[in-house]
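Worksheet: one structure, shown below.
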Amino acid sequence: MGAHMLNKLSLKIENKEKRYIDILKELVKKESLSGREGRIGEDSIANLVWEYVNDIGVSATFHEVDNSHNIVCEVGEGERCIVFSAHMDTVSAGDYGKWLTDPFGAEEGVVRYLGNSAVEVEVCGKRVRGKIRDQMDRIWKMRKEKEKKIIYGRGSFDNKASVAILLFLLDILGDIEMDGKIYAVFTVREEVDAEGIKHFIKTYKRDFDKFRERYAVVLEGSYSFMPVIAHRGVCWAYIRTYGKRCHASTPHLGRNAVVEMCRIVDYLEANKRRIIDELYEHSEDRLLGKPTFSITSIVGGGIRKVVGGKIDRIDLNVIPDFCESSVDIRYGRGITAELIHDFFTREIKKVSQDFEFTVEEETFYPSAGIGNSFDDAMEDDFVKAVMESSGINQVGIAPGASEGAFLHSAGFKTLVEFGPAGAFSHDAHEYVEIDEIKRGVKVTTTLLNKMGFV
């Protein structure tokens, strides 16, 4: 593509920017809790995206995933392919009273950088301050501007802005001749079990096998399109202990499952450094570093439910015969669900026999990464093209897992996170910077040009 065509596309982007800012607002106003993204033909986020796709006029299909629909668009043909994915679902808004305005109002406002990882958000005359991630702080330090216009609301940053950017990209590409296949995938259930991206990979696997080169870009609220090249894997595991019920006044006649769990948790915490070092020997991933594990919940005895910090209890005079703890485990490449199961089972057996250790394989995210170190990654041709396109000559590691875990495992060279600047995903006061919509389309169009797709 020559300079004339790039200039023509740039003008087209300028002319359409307002439309896609308005589309982003409509997306934010449409609630889309993970697992409730809805279907085509319903009043849902999936149907709204489907209508926009049809207005653009690209080839598209929808695929049922549980009770919702993935949407897959295909553009171009060739021996190479690139997948752009953007998930449509969000987490809940939580307590509406903690927000400055209606979390689904999609109000415009401003964010001001205060230094030292702090920002001030102002919407509808109300203000709040908060801390941002270190990587986003570095982006602010690179900028001349210390104030940006924003759209405020649940899902604005994670991940409706990326959905709008991907729609915008499809519109801009229009009738341009492609040298390769582009898949634009709008997925569901990313926030719970990633079934949307898994279904896409399973459905199109035979098509993928024919390409000599495969790339993937996970469009996700991030750091102003700094290439995020890797993330650790994550899985949730459960420790269950069993005992014998009896009256609490005669504890010697029973066996206390809660006490047994305390013994296990105390042992794991006391030996955490050694356990992590020994687990790391199975990976030694220099890019992603050592594993971590954290006990994230303990439930046992007569607990029926916990709502809003209030506990509904029964059987307070009974020695409990059951207790369960959840464990969040993060790890580098080379570590599998089976390895984690066997490793922790052997470790816990050193202190207890009355337990089960299970790994929830449905939510097992493999680790993903480009290269074995930062230096390796920055010498990769794909990463170089991304850095040149975004103008950010550095790479990052994602703190959490993404759909990139499964694209990487399917043989794609994958940017696990690449997206607009904003903050406070999964928290009150979530926002995205408005000018990142236009920037996102310019960056992705330039990337496709540098890689020879357009």
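The values are calculated or read from the model by the stated rules, or taken from the named source; none is laboratory data. Small disclaimer: the values here were computed from a predicted structure and weren't measured. With ideal geometry, Cβ positions are generated from the backbone for all residues, glycine too; neighbour counts draw on all protein chains shown.
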Checklist entry - Taking the stated definitions as given, is Gly35 surrounded by fewer than 16 Cβ atoms within 10 Å (Cβ to Cβ) and in a loop (DSSP other than H, G, I, E, B)? => result no
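Mind listing just one residue for me: the one in the stretch 18-32 that is closer than 12 Å to Ala161 by Cα and not aliphatic (A, V, I, L, M) and, of those, surrounded by the most Cβ atoms within 10 Å (Cβ to Cβ)? Don't jump to the end; show me each part of the working.
Within the stretch 18-32, the subset closer than 12 Å to Ala161 by Cα is 20-28.
If we keep only those that are not aliphatic (A, V, I, L, M) as well, we get 20, 22, 25-26.
Numbers: Tyr20: 24, Asp22: 12, Lys25: 18, Glu26: 14.
In this case the residue turns out to be Tyr20.
Residues to consider are Val58, Val91; find the one that is in contact with a Leu (Cβ under 8 Å, 6 or more places away or on another chain), in the same structural domain as Ile434 (by TED's automatic domain parsing), over 20 Å from Ile201 (Cα atoms) and at pLDDT below 95. Give the derivation first.
On the way: Val91 fails: at pLDDT below 95.
Val58 is the lone residue from the list that is in contact with a Leu (Cβ under 8 Å, 6 or more places away or on another chain), in the same structural domain as Ile434 (by TED's automatic domain parsing), over 20 Å from Ile201 (Cα atoms) and at pLDDT below 95.
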Checklist entry - What number of residues within the stretch 353-408 satisfy the criterion of being of a type outside the set (S, T, N, Q) and in a helix (DSSP H, G or I)? => result 20
Checklist entry - Got at least one residue in the stretch 302-312 being in contact (Cβ under 8 Å) with a residue 24 or more places away in the chain and in the same structural domain as Arg346 (by TED's automatic domain parsing)? => result no
Next on the checklist: Tally up the residues in the stretch 53-72 that are buried (at least 21 other Cβ atoms within 10 Å of the Cβ) and assigned to a strand (DSSP E or B), please.
Outcome noted: 6
Checklist outcome for this item: Of the residues in the stretch 376-405 that are over 12 Å from the mean Cα position of the chain (by Cα) and under 14 Å from Leu219 (Cα atoms), the one that is surrounded by the fewest Cβ atoms within 10 Å (Cβ to Cβ) is Ser390
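Listed here are the residues, each with its yes/no results for (1) within 19 Å of Asp134 (Cα to Cα); (2) at pLDDT 95 or above; (3) in contact with a Pro (Cβ under 9 Å, 6 or more places away or on another chain).
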{"residue": "Phe344", "(1), (2), (3)": "no, yes, no"}
{"residue": "Gln394", "(1), (2), (3)": "yes, no, yes"}
{"residue": "Val416", "(1), (2), (3)": "yes, yes, no"}
{"residue": "Ala423", "(1), (2), (3)": "yes, yes, no"}
{"residue": "Thr444", "(1), (2), (3)": "no, yes, no"}
{"residue": "Asn449", "(1), (2), (3)": "no, no, no"}
Checklist entry - Since Asp207 meets every condition but one in (1) within 30 Å of Ser409 (Cβ to Cβ); (2) touching a strand residue (DSSP E or B) at 6+ places or on another chain (Cβ under 6 Å), which condition does it not meet? => result (2)
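State whether one or more residues within the stretch 258-276 are of a type in the set (A, V, I, L, M), in a helix (DSSP H, G or I), surrounded by 14 or more Cβ atoms within 10 Å (Cβ to Cβ) and more than 35 Å from the chain's Cα centre (by Cα). It would help to see each step written out before you state the result.
Applying the first criterion (of a type in the set (A, V, I, L, M)) to the stretch 258-276 yields 258-259, 261, 264-265, 268, 270, 275-276.
Then keep just the ones that are in a helix (DSSP H, G or I); that gives 258-259, 261, 264-265, 268, 270, 275-276.
Next, from what is left, pick out any that are surrounded by 14 or more Cβ atoms within 10 Å (Cβ to Cβ): 258-259, 261, 264-265, 268, 275-276.
From what is left, the residues that are more than 35 Å from the chain's Cα centre (by Cα) are 259.
Yes, that holds for at least one residue.
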Checklist entry - All but one of (1) touching a Ser or Thr at 6+ places or on another chain (Cβ under 9 Å); (2) in a strand (DSSP E or B); (3) of a type in the set (A, V, I, L, M) hold for Ile182; which doesn't? => result (1)
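Any chance you could count how many residues in the stretch 245-262 are under 22 Å from Phe357 (Cα atoms) and either small (Gly, Ala, Ser) or in contact with a Leu (Cβ under 8 Å, 6 or more places away or on another chain) (or both)? Give the derivation first.
To start, the set of residues in the stretch 245-262 that are under 22 Å from Phe357 (Cα atoms) comprises 245, 255-262.
Filter once more, so that each one left must be either small (Gly, Ala, Ser) or in contact with a Leu (Cβ under 8 Å, 6 or more places away or on another chain) (or both): 257.
The qualifying residues number 1.
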Checklist entry - Based on what the data block shows, is Val359 buried (at least 19 other Cβ atoms within 10 Å of the Cβ), closer than 21 Å to Met142 by Cα, among the β-branched types (Val, Ile, Thr) and touching a helix residue (DSSP H, G or I) at 6+ places or on another chain (Cβ under 6 Å)? => result no
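Identify, please: which residue in the stretch 321-343 is of a type outside the set (D, E, K, R) and under 30 Å from Leu253 (Cα atoms) and is, among those, surrounded by the most Cβ atoms within 10 Å (Cβ to Cβ)? It would help to see each step written out before you state the result.
To start, the set of residues in the stretch 321-343 that are of a type outside the set (D, E, K, R) comprises 322-323, 325-327, 329, 331-332, 334-337, 339-341, 343.
From what's left, under 30 Å from Leu253 (Cα atoms): 322-323, 325-326.
Values: Phe322: 15, Cys323: 25, Ser325: 22, Ser326: 15.
In this case the residue turns out to be Cys323.
Could you pull out the residue among Thr241, Thr250 that is polar (S, T, N, Q) and touching a residue at least 12 places away in the same chain (Cβ under 8 Å)?
After ruling out the rest, the residue left standing is Thr241.
Looking at Arg112, Arg138, Arg129, which one is in a helix (DSSP H, G or I), among the charged types (D, E, K, R) and closer than 25 Å to Ser222 by Cα? Talk me through it step by step, then tell me what you get.
Values: Arg112 fails: in a helix (DSSP H, G or I); Arg129 fails: in a helix (DSSP H, G or I).
Being in a helix (DSSP H, G or I), among the charged types (D, E, K, R) and closer than 25 Å to Ser222 by Cα holds for just one of Arg112, Arg138, Arg129, which is Arg138.
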Item to check | Residues located in the stretch 152-175, provided they are buried (at least 24 other Cβ atoms within 10 Å of the Cβ) and on the phi > 0 side of the Ramachandran plot | outcome: Gly153, Gly155
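Among the residues of the stretch 309-332, write down those that are assigned to a loop (DSSP other than H, G, I, E, B) and either among the acidic types (Asp, Glu) or under 17 Å from Ile275 (Cα atoms) (or both). If you could, list the steps in order and put the result at the bottom.
First, the residues of the stretch 309-332 that are assigned to a loop (DSSP other than H, G, I, E, B): 309, 314-317, 320-321, 332.
Hits for the stretch 309-332 are Asp315, Asp321, Gly332.
Sort out which residues of the stretch 211-220 are outside any strand (DSSP E or B) and either modelled with pLDDT under 95 or surrounded by fewer than 24 Cβ atoms within 10 Å (Cβ to Cβ) (or both), and write them in order of number. Don't jump to the end; show me each part of the working.
Step one: list which residues in the stretch 211-220 are outside any strand (DSSP E or B), which gives 211-212, 220.
Phe211, Arg212 - these are the residues of the stretch 211-220 that are outside any strand (DSSP E or B) and either modelled with pLDDT under 95 or surrounded by fewer than 24 Cβ atoms within 10 Å (Cβ to Cβ) (or both).
Looking for whichever is within 22 Å of the chain's Cα centre (by Cα) and closer than 30 Å to Asn449 by Cβ here; the options are Ala60, Ala86, Ala93, Ala46. Which one fits? Talk me through it step by step, then tell me what you get.
On the way: Ala60 fails: within 22 Å of the chain's Cα centre (by Cα); Ala93 fails: closer than 30 Å to Asn449 by Cβ; Ala46 fails: closer than 30 Å to Asn449 by Cβ.
Exactly one of Ala60, Ala86, Ala93, Ala46 is within 22 Å of the chain's Cα centre (by Cα) and closer than 30 Å to Asn449 by Cβ, namely Ala86.
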Checklist entry - Which residue pairs have Cβ atoms under 9 Å apart, sit 6 or more places apart or on different chains, and have a first residue in the stretch 176-196 that is without any contact (Cβ under 8 Å) to a residue 12 or more places away in the chain and a second that is assigned to a loop (DSSP other than H, G, I, E, B) and crowded, with 24+ Cβ neighbours inside 10 Å? => result none
Item to check | the stretch 143-194: number of residues that are touching a Gly at 6+ places or on another chain (Cβ under 6 Å), under 16 Å from Leu407 (Cβ atoms) and hydroxyl-bearing (Ser, Thr, Tyr) | outcome: 2
Item to check | Check on Ser373, under 14 Å from the mean Cα position of the chain (by Cα) and more than 30 Å from Arg255 (Cα to Cα) | outcome: no
